[in-house]
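None of the figures in this text is laboratory data; all of them are computed from the coordinates on show. Everything quoted here is computed from the prediction, not taken from an experiment. Cβ placement follows ideal geometry from the backbone for every residue including glycine, while neighbour counts extend to all protein chains displayed.
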Amino acid sequence: MSDLKKIKDEFLTKLNGKLNLSEINEIKSNLFGKNGLISSQFKKIGSVVENERKKFASNLNVIKDELQNAIDNKINEIQNLEINEKLEKEKIDVTLPERTFKRGKIHPVSQTIDEISSIFSEIGFSVEEGPDVENEYNNFTALNTPDNHPARDMHDTFYLDEKKEKLLRTHTSPVQIRTMLKGKPPFKIIAPGRTYRSDSDQTHAPMFHQVEGLHIDKDINMGHLKGCLNYFIKEFFEVKKIKMRFRPSHFPFTEPSAEVDIGYEIKDGKIIIGEGDQWLEILGCGMVHPNVLKNVKVDPIKFQGYAFGIGIDRLAMLKYGINDLRAFFDCDYRWLNHFGFDPLDVPTNYRGLSR
Amino acid sequence: MKITFDWLKDHLNINLKEEKLLDQLTNIGLEVESLGNLSSGNELFKVAKIIKIEKHPNADRLKVCDVNIGEKELKKVVCGANNAREGLLTVYAPPGAIIPKNKTKLVVAKIRGVTSYGMLCSESELNLSDESDGIIELLKSKYEKNIGKSYFSKSNSNLIDLSITPNRPDCLGLRGIARDLAASGFGKLKDLKEKKYKSNSKQTIKIKINKEKNQGCTIFGSCLISNVKNSESPKWLKDKLVSIGEKPISAIVDITNYIMFDINRPLHAYDADKIQKGIVVRNSKSGEEFTALDNKNYKLDNGMCVISDNKGILGLGGIIGGTRSGTELNTKNVLLEAAYFEPRSIRDTAKKLNIDTDAKFRFERGIDPSSIEAGLNKAASLIKEICGGEISKIDIQKINNFKKKTIKFDPFSFERVTGFKISTKEMLKILEDLGFKIKKDKKFLNLTIPSWRPDISQEVDIVEELVRISGYEKINIINPIKERTKSTLTQSQKLFHFLQRAIASKGYLEAITWSFTDSNYNNHFKDKNKEIKIVNPISSELGVLRNSIFSNLIMYMSKNLDRGFKDLSIFEIGPIFKGSNPGEQSTVVCGLSAGKKNRLSWIDKERDIDVFDVKRDVIQTLVEAGYNSDKFFIDSETPNYFHPGKSGRLFLNRGKDLVAAYFGEIHPNILKNIDIKTDTLVGFEIFLDNLKLPKKTLNDQKTNFVVSDYQKSERDFAFIVNKNITSQDLINAISSVGQNLISNIKVFDVYEGSNIPENQKSIAISVTIQSFEKTLNDNDLEKINKLIIQTVEDKTGAKIRS
């Protein structure tokens, strides 16, 4: 009995001291080796008097566990120490820069087109496209702008042949013609794309972007047009209310025609949409002219509807505070980086158009 | 169209403010483009008297004048005018005044050593006439009492510049604008009962309109005013013209201009004595020439409408007169013309000859054919009043009778188009105010269209008039329904979208560049395409449609490198052109990268960006877009703008597709040629229209989820092959072993050099073998190994390296 206690106390004291791994192993074999102090005690169990045997055995087991635990803990402790020492040596300066990464960006015009598509998608418009090179008929004549019409003077057209039959489209409206020629009403489309006019100064670029809208059905009237644009402008500028003004105007392909102004004010050098008493023209629209419908074999007695054309670059400038139209196409790395959008910023309805 | 509120009041009874006017103009579709005050600063110009003149001490031609400007002290002014003399009444401009002619601001200045306080003005300097010889001489009797007072009469009326849409020729005259305003409830239109003059003398110059095909003139009205004395216009007329920014010339010209602006009736005045034996209105013959009032000589084509006499052409009808018969200050007898010219004829001629005049602008939009007599009557009366003389009767020649158009209008169509209602009574009022004659016919209105409205021809035009005048603000907003019956984007539009953002996510900045380009740049990249020229480019550097996006990208890349950036990646997605017909274009994603990977990195090795970087971008993008890279096939046939040895062509599927993409280094010669400051430039083109769209959606394409949990083994092989054998050949050979056992093949080393025979190379490949049915034992694996080696050797002539 006292033997056991002695062994226990002696070794627990040892194990409390400073040891290395081999010393612990020595202790381990001293205790639990083939002829170890504890092992040999177990061999004794048979020779202990019967009425004490049980107590002896249980006592022995407790002590064995106690010592075993102490050894395990000590080993753990040493291993931890060693690992920590190693880790300490491996320490690096994590403030050193990461491996380089390159961030790509989406052009603000592309982003704006996606925003516009997303908004009109909600109210049932689908996206149509047309070629950049158009014939004179689709760009003008079919749109009720015959060749002696003074309205043609407002479009400084790039021509690709001397006869002036092929040209770079001056607006996205020819997509109306193409869409209606290849299908049957109802039509509910938008058509964003590149447009061209031979005009170049601070506020005009020879290439710019427009989005065309067309909604033709049995009973679409100017109220629907107003509602659609009102919705669009609110959504696009992400404001709760807007000030919008419809102003009579003239386009050969719509009758009645309107230009739409939105109210704004300049606060601290920034333009604020929807407030103030300044007006800014942002788009042209109207009810599709019966002559246009006749040209595309749609019966103007049965069908009517509206069309609109919006300058995309202008919208992007307003929304994102860009002052210079020419910079859109100048491809300055710094500008693209500054005004570009992360490719993961896909405008969606549920996440919102912009962050 | 420039107007003033004051002038409008000639036609409008109104007591509202100008502010209201501006809003109302815009509300009825006469957009106010700008608002200016021509007369601001005009009060500075004062009537002054020269009291004393001395010779300038340092200049023979200059005089130093002491001028009384109504203040205690006289002002010293240096003046060079010959007519400057003591006692002369003239106009003085003080320092600070802005001279209307050249817009310069006067300052106190030393002129040859003598300080001059202001300036004495000529008529030309005040934009009053072209008279620049000497300073203004004012009548003593009239101006003596005005010394020190402002020379110009006060005008509170701003200059309002309206943007008149091409459908509204009637609003190119003050009268038309007033009529629209009155219809909208802004004032009341004055009934101008012009007195018709009476005359007994006949118009003695014979006028004839030739009846020819496409005769551009259908009505020619005229009257002769004899023994006039052309002079300066009276002040009220000058003021009127000056108030809208026009320059007075002489009474006769000013009167015709005044009537043009007032009622949009262009007139032309001939010096009747210069007309030889009557006037013939006819089509021109090719080669005929004449000198116009703009002092240019025009050579005419066949069929242009000309006013001619015995000697030749007097003028282009409705566009511009000729110098030969123009009126001058000494003109004695005046023939006044008021005619109707067909818009189409005017437009064709003006376009061919490239002439733009006020008359042309009006006639091509359509002048009121019924305004001929009124115009002649008013002009002749004014000429008589101002210049004296005798007026003849009005002579009118015509080859066509103008018929007034009528429309049957269904009042219900208004609500159908606009979505709101107005009462028939309201409709009638608006239309009557606008000059329509109305007859009710059951539920319809039979409308006679006023002769000054050539733009109105059908029912919807009437709707437009009604909604325009009642106000667009009355249109109710009908909110859109959020409902979608058709998907927003087509599959190829979705692909466009996806590729755009996939490439951007690889570190490329998206650029948008012109669809046209510099032919010098385009030539490098047009490959086998033909050049497509723009007939009227904005500059020679933007003279052709681009055959490839590379031309613009490389140009801008070069500009950015010049800005001092070194490692750049840019891309554009957009059209390239193959021909000048609609549809001969395709959509391309084109990217360009310059510079190094890991420039100045503390951790990674620096290296030039290379073909395999750009290849990764292309392949990864295509894989992300849903294409199976196992089927990709690559060869080295690329256009000549790529480095012939370091570029590749990619097909989605061998032998079944058009080229999906090119990638590689840009040809070094091009870099040299355009002197771009980078060591390496790699690029790619992905051809959207060549990417076959899967028939099924990506979701439907997904096969069942099948994986094997049996043990896989990796085996490495090193083959020695001829140099012309590609790694793709080896991979294809290995995968052809198939048997559903080859799950992955990876090239991990390529080696040429010692130990390898010349013209050969060693390619080391790791193959992962795994069965879906069982764990393969050594025996199975050995069999496959042998099969792989056998197949590769047979198919490629390779030898396994032992």
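Could you name the aspartates and glutamates in cross-link range of B:Lys774, using Cα to Cα under 13 Å and dropping any fewer than eight places away on the same chain?
By straight Cα distance, B:Lys774 reaches B:Asp709.
Volume per residue, Å³, of the convex hull around the alpha-carbon atoms of the range A:218-258? Write down the numbers at each step before the final one.
Values: hull volume 3.7 nm³, N = 41.
For the range A:218-258, the hull spanned by Cα atoms encloses 89 Å³ per residue.
Compute the whole-percent fraction of alpha carbon pairs in the range B:52-180 spaced more than 27 Å apart. Please report the intermediate quantities before stating the final value.
Values: 2717 of 8256 pairs.
The proportion of pairs with Cα distances above 27 Å equals 33 percent.
Given axes a ≥ b ≥ c from the Cα gyration tensor, I'd like to know whether the range B:413-558 is rounded (a/c under 1.5), prolate (a/b larger than b/c) or oblate. Walk me through the intermediate numbers first.
Details: a/c = 4.22, a/b = 2.18, b/c = 1.94.
In terms of gyration-tensor shape, prolate.
Just to check I understand the Karplus step: with θ = phi - 60° and J = 6.51 cos²θ - 1.76 cosθ + 1.60, what whole-Hz values come out for the range A:169-178, glycine and proline as x?
Once rounded to whole Hz, the list reads 3, 8, 7, 8, 4, x, 5, 3, 4, 4.
Could you pull out the pairs from B:Lys2/B:Lys193; B:Lys198/B:Lys378; B:Lys631/B:Lys692 whose alpha carbons sit more than 20 Å apart here?
Where the Cα-Cα span goes over 20 Å, the pairs concerned are B:Lys2/B:Lys193.
Could you work out, residue by residue across B:741-754, how many beta carbons of other chains sit within 10 Å of that residue's beta carbon, and then give the average as an integer?
Neighbouring Cβ atoms belonging to other protein chains average 0 per residue here.
Take the range A:53-210, compute every pairwise Cα distance, and split them into 10 Å bins from 0; I just need the percent in each bin.
Over the range A:53-210, the share of Cα pairs per 10 Å bin runs 8, 21, 18, 9, 5, 5, 7, 8, 8, 6, 4, 1, 0 percent.
So for chain B, what are the equivalent ellipsoid semi-axes in whole Å, largest first, each being the square root of 5 times an eigenvalue of the Cα gyration tensor? Don't jump to the answer; show the numbers that get you there.
On the way: eigenvalues 1292, 278, 149 Å².
For chain B, the semi-axes come out at 80, 37, 27 Å.
Rounded to the nearest 500, what is chain B's calculated 222 nm mean residue ellipticity when only DSSP H runs of at least 4 contribute -39500 (n - 2.57) each, over all residues? Each step should come with its number before you reach the end.
Details: 20 runs with 201 residues, N = 802.
Calculated mean residue ellipticity at 222 nm is -7500 deg cm²/dmol.
If R0 is 25 Å, what FRET efficiency do you get for A:Gln278 and A:Tyr350 from their C-beta distance, rounded to 0.05? Walk me through the intermediate numbers first.
Numbers: r = 34 Å, r/R0 = 1.35.
The computed FRET efficiency comes out at 0.15.
Looking at the protein assembly as shown, what % of its DSSP beta bridges pair antiparallel, to the nearest 5? Each step should come with its number before you reach the end.
Details: 180 of 188 bridges.
Expressed as a percentage, antiparallel bridges in the protein assembly as shown total about 95.
So for the pair B:Asn777, B:Lys723, with labels modelled 7 Å out along Cα→Cβ, what separation do we get in nm?
Reported label-point gap for B:Asn777 and B:Lys723 is 4.8 nm.
Greater than 27 Å separation of Cα atoms is the criterion. Which listed pairs, B:Lys351/B:Lys533; B:Lys9/B:Lys196; B:Lys17/B:Lys145; B:Lys646/B:Lys746; B:Lys351/B:Lys528, meet it?
Details: B:Lys351/B:Lys533 23 Å; B:Lys9/B:Lys196 22 Å; B:Lys17/B:Lys145 34 Å; B:Lys646/B:Lys746 21 Å; B:Lys351/B:Lys528 38 Å.
Where the Cα-Cα span goes over 27 Å, the pairs concerned are B:Lys17/B:Lys145; B:Lys351/B:Lys528.
Once you place label points 7 Å from the Cα toward the Cβ at B:Lys672 and B:Asp6, how far apart are they in nm?
Those two pseudo-labels are separated by 7.4 nm.
With N set to the number of residues, divide the alpha-carbon radius of gyration of the range B:207-398 by 2.2 N^0.38 Å and report two decimals.
Working: Rg = 15.5 Å, N = 192, 2.2 N^0.38 = 16.2 Å.
Cα Rg divided by the expected 2.2 N^0.38 Å: 0.96.
Nearest-5 percent of antiparallel DSSP beta bridges in the range A:108-339? Show your work: numbers first, answer last.
Numbers: 48 of 50 bridges.
Antiparallel bridges make up about 95 percent of those DSSP assigns within the range A:108-339.
How many angstrom separate the Cα center of the range A:90-107 from the Cα center of the range B:192-260?
81 Å
Too long at a 31 Å Cα-Cα cut-off: which of B:Lys597/B:Lys656; B:Lys206/B:Lys285; B:Lys76/B:Lys235; B:Lys238/B:Lys398; A:Lys297/B:Lys486; B:Lys49/B:Lys274? Don't skip to the answer; put the middle values down first.
On the way: B:Lys597/B:Lys656 36 Å; B:Lys206/B:Lys285 22 Å; B:Lys76/B:Lys235 29 Å; B:Lys238/B:Lys398 34 Å; A:Lys297/B:Lys486 23 Å; B:Lys49/B:Lys274 43 Å.
Violating the 31 Å limit, Cα to Cα: B:Lys597/B:Lys656; B:Lys238/B:Lys398; B:Lys49/B:Lys274.
Mind pulling the angle between the C-alpha long axis of helix B:343-353 and the longest principal axis of chain B? Nearest 10 degrees, somewhere in 0 to 90.
70 degrees
At 4 °C and 1.567 mPa s, what whole-number value in µm²/s does Stokes-Einstein give for the translational diffusion of the range B:357-403, with Rh from the Kirkwood sum over Cα pairs?
Numbers: Rh = 12.7 Å.
Value of D from the Cα-based Kirkwood radius: 102 µm²/s.
State the Kirkwood hydrodynamic radius of chain A in Å, one decimal place, computed from all pairs of distinct Cα atoms. Could the numbers behind the result be given before it?
Values: mean 1/r = 0.0371 Å⁻¹.
It is 27.0 Å.
Nearest 10 degrees, 0 to 90: what angle lies between the long axis of helix B:424-433 and the longest principal axis of chain B (Cα atoms)?
Computed tilt is about 60 degrees.
Where the eigenvalues come from the Cα gyration tensor of the range A:2-90, what are the semi-axes √(5λ) of the equivalent ellipsoid, largest first, in whole Å? Can you show the working numbers first?
On the way: eigenvalues 212, 24, 20 Å².
Its equivalent ellipsoid spans semi-axes of 33, 11, 10 Å.
Relative to the longest principal axis of the C-alpha atoms of chain B, give the angle of the C-alpha long axis of helix B:459-470, reported between 0 and 90° and rounded to the nearest 10°.
With rounding to tens, the tilt is 70 degrees.
For an R0 of 22 angstrom, estimate the FRET efficiency from the Cβ-Cβ distance between B:Ser736 and B:Ala764 and round to the nearest 0.05. It would help to have the intermediate numbers written out before the result.
Details: r = 19 Å, r/R0 = 0.88.
Calculated transfer efficiency: 0.70.
Rounded to whole Hz and in sequence order, give me ³J(HN,Hα) for the range B:252-262 from the Karplus expression 6.51 cos²θ - 1.76 cosθ + 1.60, θ = phi - 60°, writing x for Gly and Pro.
5, 5, 4, 5, 4, 5, 4, 6, 4, 6, 6
Before rounding to the nearest 500, sum -39500 (n - 2.57) across all DSSP H runs of length at least 4 in chain A and divide by the residue total; then give [θ] at 222 nm in deg cm²/dmol. Could you put the intermediate results ahead of the total?
Numbers: 11 runs with 142 residues, N = 355.
Rounded to the nearest 500, the figure is -12500 deg cm²/dmol.
Show me the chymotrypsin sites (Phe, Trp or Tyr not before Pro) within the range B:189-295 that DSSP assigns to loop and that have at most 16 other Cβ atoms within 10 Å of their Cβ.
Details: sites: B:Tyr197, B:Phe220, B:Trp236, B:Tyr258, B:Phe261, B:Tyr270, B:Phe290; in loops: B:Tyr197.
Listed in order of number, the matching sites are B:Tyr197.
When only Cα pairs under 8 Å and 6 or more residues apart are kept, what is the percent relative contact order across chain B? Working shown, then result.
Numbers: 1556 pairs, mean separation 63.9, N = 802.
Reported relative contact order: 8 percent.
Using R₀ = 56 Å, calculate the FRET efficiency as 1/(1 + (r/R₀)^6) where r is the Cβ-Cβ separation of B:Asp239 and B:Phe444; round to 0.05. Before the final figure, lay out the partial values.
On the way: r = 49 Å, r/R0 = 0.87.
The calculated FRET efficiency here is 0.70.
In a solvent-free Debye calculation with one equal scatterer on each Cα, what is log10 I(q)/I(0) for the range B:662-779 at q = 0.09, 0.12, 0.15, 0.23 Å⁻¹, listed in the order of the q values?
Log-scaled intensity ratios, in q order: -0.50, -0.80, -1.00, -1.17.
Report Rg (one decimal) and Dmax (nearest whole number) for the protein assembly as shown, counting Cα atoms only, units Å.
44.4, 168
In square nanometres and to one decimal, what's the mean projected area of the convex hull around the Cα atoms of the range B:406-470? Walk me through the numbers on the way to the answer.
Working: hull surface 15.3 nm².
Mean projected area of the Cα convex hull: 3.8 nm².
Kirkwood Rh over alpha-carbon pairs of the range B:491-690, then Stokes-Einstein at 10 °C and 1.306 mPa s: what D in µm² s⁻¹, rounded to an integer? Each step should come with its number before you reach the end.
Values: Rh = 17.3 Å.
In µm²/s, the coefficient rounds to 92.
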